[in-house]
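Below you'll find the structure, written out as C-alpha coordinates, and then a few comments.
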Amino acid sequence: GTFVPIPRGDVPLGSRIFNYHFVDTPGKSRLTCQDIKAAAEADESRSEEIVHCPTPRPATNQIMEYLAVKHDAELLDLDVVSAFIHAAEPEDHVYMRAPREWQEETGTFDTVSKLAGNLYGRRPAGTNYRDFFEECLLSVDGGAKRGTLEPCIFNGGAGTAEWWALSHHIDDGRVVGPGAKKV
(Lines give C-alpha, C1' and ligand atoms only; values in the text may rest on other atoms or scores of the structure.)
Protein backbone atom coordinates (compact mmCIF):
# COMPACT_ATOMS: atom_id res chain seq x y z
CA GLY A 1 0.00 0.00 0.00
CA THR A 2 3.00 2.35 -0.10
CA PHE A 3 2.53 2.94 -3.82
CA VAL A 4 -0.01 2.10 -6.48
CA PRO A 5 1.08 1.30 -10.06
CA ILE A 6 -0.75 3.41 -12.66
CA PRO A 7 -0.34 3.85 -16.43
CA ARG A 8 2.03 6.70 -17.31
CA GLY A 9 -0.74 8.22 -19.42
CA ASP A 10 -2.88 8.73 -16.28
CA VAL A 11 -0.33 11.08 -14.70
CA PRO A 12 -1.71 14.65 -14.78
CA LEU A 13 0.16 17.01 -17.12
CA GLY A 14 2.87 18.98 -15.34
CA SER A 15 3.32 16.42 -12.56
CA ARG A 16 6.87 15.61 -11.60
CA ILE A 17 7.90 11.95 -11.76
CA PHE A 18 10.75 11.19 -9.36
CA ASN A 19 13.46 8.63 -10.02
CA TYR A 20 13.97 5.70 -7.69
CA HIS A 21 17.15 4.43 -6.09
CA PHE A 22 18.00 1.27 -4.14
CA VAL A 23 20.12 1.72 -1.02
CA ASP A 24 21.81 -1.60 -0.27
CA THR A 25 23.28 -2.52 3.09
CA PRO A 26 24.46 -5.93 4.32
CA GLY A 27 21.09 -6.67 5.96
CA LYS A 28 18.63 -5.18 3.48
CA SER A 29 17.89 -3.35 0.28
CA ARG A 30 15.70 -0.24 0.60
CA LEU A 31 13.75 1.34 -2.26
CA THR A 32 14.02 5.13 -1.99
CA CYS A 33 12.62 8.12 -3.83
CA GLN A 34 15.10 10.55 -5.38
CA ASP A 35 13.48 13.80 -4.25
CA ILE A 36 16.55 15.94 -4.76
CA LYS A 37 16.54 19.39 -3.14
CA ALA A 38 18.32 21.11 -6.05
CA ALA A 39 15.68 19.86 -8.49
CA ALA A 40 12.88 21.04 -6.21
CA GLU A 41 14.43 24.50 -5.88
CA ALA A 42 14.82 24.75 -9.65
CA ASP A 43 11.06 24.14 -10.07
CA GLU A 44 9.58 27.48 -8.96
CA SER A 45 6.01 26.20 -9.40
CA ARG A 46 6.53 23.69 -6.58
CA SER A 47 5.40 24.93 -3.18
CA GLU A 48 7.93 24.88 -0.36
CA GLU A 49 7.61 21.71 1.71
CA ILE A 50 7.93 21.58 5.48
CA VAL A 51 10.90 19.36 6.31
CA HIS A 52 11.65 20.29 9.92
CA CYS A 53 12.11 17.52 12.51
CA PRO A 54 13.09 18.73 15.99
CA THR A 55 15.95 16.95 17.75
CA PRO A 56 15.98 16.33 21.51
CA ARG A 57 18.59 18.34 23.41
CA PRO A 58 21.49 16.39 24.93
CA ALA A 59 20.14 17.33 28.37
CA THR A 60 16.90 15.48 27.55
CA ASN A 61 18.74 12.15 27.32
CA GLN A 62 20.62 12.94 30.53
CA ILE A 63 17.36 13.69 32.35
CA MET A 64 15.85 10.42 31.08
CA GLU A 65 18.89 8.53 32.40
CA TYR A 66 18.59 10.36 35.73
CA LEU A 67 14.89 9.40 36.02
CA ALA A 68 15.74 5.75 35.34
CA VAL A 69 18.38 5.70 38.09
CA LYS A 70 16.41 7.79 40.63
CA HIS A 71 13.22 5.72 40.30
CA ASP A 72 14.86 2.38 39.50
CA ALA A 73 12.81 2.47 36.28
CA GLU A 74 13.29 0.84 32.92
CA LEU A 75 15.07 2.76 30.15
CA LEU A 76 14.40 1.40 26.67
CA ASP A 77 15.78 2.56 23.34
CA LEU A 78 13.60 2.18 20.26
CA ASP A 79 14.02 2.27 16.51
CA VAL A 80 10.92 1.90 14.36
CA VAL A 81 11.74 -0.38 11.42
CA SER A 82 10.67 0.82 7.95
CA ALA A 83 9.09 3.79 9.69
CA PHE A 84 8.32 6.19 6.87
CA ILE A 85 5.97 3.88 4.96
CA HIS A 86 3.53 3.96 7.90
CA ALA A 87 2.76 7.64 7.34
CA ALA A 88 0.44 8.62 4.50
CA GLU A 89 1.72 10.81 1.65
CA PRO A 90 -0.28 14.04 2.14
CA GLU A 91 0.13 15.27 -1.43
CA ASP A 92 -2.30 13.88 -4.01
CA HIS A 93 0.07 13.75 -6.96
CA VAL A 94 3.47 12.28 -6.08
CA TYR A 95 4.79 9.86 -8.69
CA MET A 96 7.93 7.78 -9.04
CA ARG A 97 9.28 5.73 -11.92
CA ALA A 98 8.64 2.03 -11.38
CA PRO A 99 11.82 0.06 -10.64
CA ARG A 100 13.25 -1.71 -13.70
CA GLU A 101 13.18 -5.03 -11.84
CA TRP A 102 9.44 -4.67 -11.18
CA GLN A 103 8.76 -3.70 -14.80
CA GLU A 104 10.67 -6.74 -16.06
CA GLU A 105 8.97 -9.12 -13.61
CA THR A 106 5.45 -7.89 -14.40
CA GLY A 107 6.01 -7.15 -18.12
CA THR A 108 4.58 -3.67 -17.49
CA PHE A 109 6.88 -1.04 -18.98
CA ASP A 110 4.67 2.05 -19.29
CA THR A 111 3.79 2.33 -15.59
CA VAL A 112 4.68 4.72 -12.79
CA SER A 113 4.07 4.42 -9.05
CA LYS A 114 1.72 6.85 -7.32
CA LEU A 115 2.93 7.19 -3.74
CA ALA A 116 0.30 6.59 -1.06
CA GLY A 117 2.84 6.27 1.78
CA ASN A 118 6.18 7.92 2.29
CA LEU A 119 9.45 6.51 1.02
CA TYR A 120 12.91 7.28 2.33
CA GLY A 121 14.43 9.95 0.16
CA ARG A 122 11.26 12.07 0.00
CA ARG A 123 12.17 15.43 1.51
CA PRO A 124 9.04 15.71 3.72
CA ALA A 125 9.00 11.99 4.67
CA GLY A 126 10.61 12.53 8.09
CA THR A 127 8.18 15.31 8.96
CA ASN A 128 5.21 13.24 7.76
CA TYR A 129 6.33 10.28 9.87
CA ARG A 130 6.99 12.47 12.91
CA ASP A 131 3.43 13.82 12.68
CA PHE A 132 2.06 10.25 12.36
CA PHE A 133 4.17 9.03 15.31
CA GLU A 134 3.04 11.93 17.51
CA GLU A 135 -0.60 11.30 16.57
CA CYS A 136 -0.13 7.69 17.74
CA LEU A 137 1.44 8.83 21.02
CA LEU A 138 -1.39 11.27 21.72
CA SER A 139 -3.90 8.44 21.30
CA VAL A 140 -2.22 6.20 23.93
CA ASP A 141 -4.54 5.10 26.77
CA GLY A 142 -4.37 7.54 29.65
CA GLY A 143 -3.64 10.49 27.36
CA ALA A 144 -0.03 11.22 26.55
CA LYS A 145 0.97 14.85 26.77
CA ARG A 146 3.62 16.73 24.80
CA GLY A 147 6.31 18.49 26.82
CA THR A 148 5.99 22.26 27.04
CA LEU A 149 9.71 23.09 26.79
CA GLU A 150 10.85 20.16 24.64
CA PRO A 151 8.81 19.40 21.48
CA CYS A 152 10.25 15.86 21.24
CA ILE A 153 9.17 14.58 24.64
CA PHE A 154 5.87 13.06 25.71
CA ASN A 155 4.71 11.68 29.03
CA GLY A 156 1.81 9.61 30.24
CA GLY A 157 0.38 8.11 33.39
CA ALA A 158 1.34 11.20 35.40
CA GLY A 159 0.74 10.72 39.13
CA THR A 160 0.35 6.94 38.81
CA ALA A 161 2.66 3.99 39.40
CA GLU A 162 2.71 3.44 35.61
CA TRP A 163 4.16 6.83 34.59
CA TRP A 164 6.43 7.04 31.54
CA ALA A 165 8.29 9.60 29.44
CA LEU A 166 9.36 9.23 25.80
CA SER A 167 11.75 11.35 23.76
CA HIS A 168 12.10 10.84 20.03
CA HIS A 169 13.80 12.06 16.90
CA ILE A 170 11.82 10.85 13.89
CA ASP A 171 11.95 7.02 14.23
CA ASP A 172 14.45 6.70 17.12
CA GLY A 173 13.58 7.20 20.74
CA ARG A 174 13.94 6.42 24.43
CA VAL A 175 11.25 5.51 26.94
CA VAL A 176 11.73 5.65 30.71
CA GLY A 177 9.48 4.68 33.58
CA PRO A 178 7.89 1.69 35.30
CA GLY A 179 5.20 1.73 32.59
CA ALA A 180 7.74 2.00 29.75
CA LYS A 181 7.07 -1.48 28.35
CA LYS A 182 3.36 -0.66 27.90
CA VAL A 183 4.13 2.24 25.56
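The values are calculated or read from the model by the stated rules, or taken from the named source; none is laboratory data. Because the structure is predicted, anything quoted here is derived from the model rather than measured. Here the Cβ is made from the backbone with ideal geometry for all residues, glycine too, and neighbour counts use every protein chain on show. Only protein heavy atoms, including side chains, enter the accessible area calculation; ligands, DNA and RNA are left aside. Shrake-Rupley method; radii C 1.70, N 1.55, O 1.52, S 1.80 Å.
Entry comment: accessible area of the chain is 59 Å² per residue, from protein heavy atoms only and a probe of 1.4 Å. The charge dipole of region 78-183, taken about its Cα centre with unit charges on the Cβ of Lys, Arg, Asp and Glu (plus for the first two, minus for the last two), comes to roughly 340 debye. The share of Cα pairs per 10 Å bin across region 76-140, counted from zero up to the longest distance, runs 19, 39, 27, 12, 3 percent. Against the compact-protein benchmark of 2.2 N^0.38 Å, the Cα-based radius of gyration of the chain scales to 1.26. Computed from point charges on the beta carbon alone (+1 for Lys and Arg, -1 for Asp and Glu), the dipole magnitude for the chain about its Cα centre is near 200 Debye. Of the residues Leu31, Ala68, Ala158, the one whose Cα sits farthest towards the positive end of the charge dipole of the chain is Ala68 (charges of +1 on Lys and Arg Cβ, -1 on Asp and Glu Cβ, taken about the Cα centre).
Hey, what D do you get for region 67-114 in µm²/s if you plug the Kirkwood alpha-carbon radius into Stokes-Einstein at 37 °C and 0.692 mPa s? Roughly 218 µm²/s, to the nearest whole number.
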